[in-house]
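Trainee: Structure provided below as structure tokens; questions to follow.
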Amino acid sequence: MMRPSVKPRVAFFDFASCEGCQLQVINLEESVIDLIDIVDVVSFREAMKEHSDDYDIAFVEGSIMRPMDAERLKKIRERAKILVALGACACIGGINALRNRYSVEHVKKVVYGDADIEGNPFFDVFHTKAVGDVVDVDYYVYGCPISRDELAKVITSLALGKKPEIPNYPVCVECKKKENVCIFEKGGFCLGPVTRAGCGAICPTNGSGCEGCRGLVDNPNTDSELDVLKKYGLTVEDALGRFDLFCYKYKGEVSK
Ligand code: SF4
Ligand code: SF4
């Protein structure tokens, strides 16, 4: 493996999330040996006690739910030369954005009941934001959870000063390469035609429709999606209903 002349200093940070994407980093197993050869990990709360604010590359997991999160994220952005959003929560709001279907007041009432929330910064929440809604993001590692292989490739590219290649074609491409019988053919529903590839079409390959955890491809081919829906007797509303889980963020723009 090529090695950089100077190892970049890498830090991992978490916001609202299940921390499953950080767990994927810890689970890199055999690739970890290669990666610690090319980067210095200086901060990673889930995996080590040491912490440094001197880093080149920040990997940020989780979505931004509170003003205090946004302030912390801005400080991370100021310190990092490169900021990478890690996983669906950070990239597109993820599951946390489900609550954006309701008013903030309603959500607070359901979660905190009659607790005294006035003036308490921990309870001071706003509608869920992706990391890119608050600061500039250089690269995105999509998925819920992220793909370990993709992450290893992204870290390697960044360490060598190269631009990571993030797929910008739909899951259907990977699904067809695997010669799967289409989920629509089996009477199911799938967001593969408009979702960004990179997961190896893992859900349709294992018999479930894609739920869109990697977000939409840039410029999704909505004409082709409409053709697919029509062919299988489905409507745009059927498709948009499936956006709720991961792609709520896109609903407004797609239904325009
Ligand atoms: S719609 Fe889903 S199951 Fe069908 S080809 Fe595309 S990814 Fe595969
Ligand atoms: S098939 Fe869809 S839902 Fe499943 S991992 Fe890939 S992008 Fe996510």
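Computed from the coordinates by the stated procedures, all read-outs in this text should not be read as laboratory data. Since the model is a prediction, treat every value here as computed from it, not as a measurement.
Trainee: Mind checking which lysines have their C-alpha under 20 Å from Lys81, skipping anything on the same chain fewer than 8 residues away?
Mentor: Straight-distance partners of Lys81: Lys7, Lys153, Lys162, Lys163.
Trainee: Any lysines with Cα under 24 Å of the Lys108 Cα? List them, leaving off those in the same chain fewer than 8 positions away.
Mentor: Leaving aside lysines fewer than 8 places away in the same chain, those within reach of Lys108 are Lys129, Lys249, Lys251.
Trainee: Give the aspartates and glutamates reachable from Lys177 as a straight Cα distance under 17 Å; neighbours fewer than 8 places away on the same chain don't count.
Mentor: Partners within reach: Glu185.
Trainee: Using Cα pairs closer than 8 Å and at least 6 residues apart in sequence, work out the relative contact order for the chain, in percent.
Mentor: Relative contact order, the chain: 18 percent.
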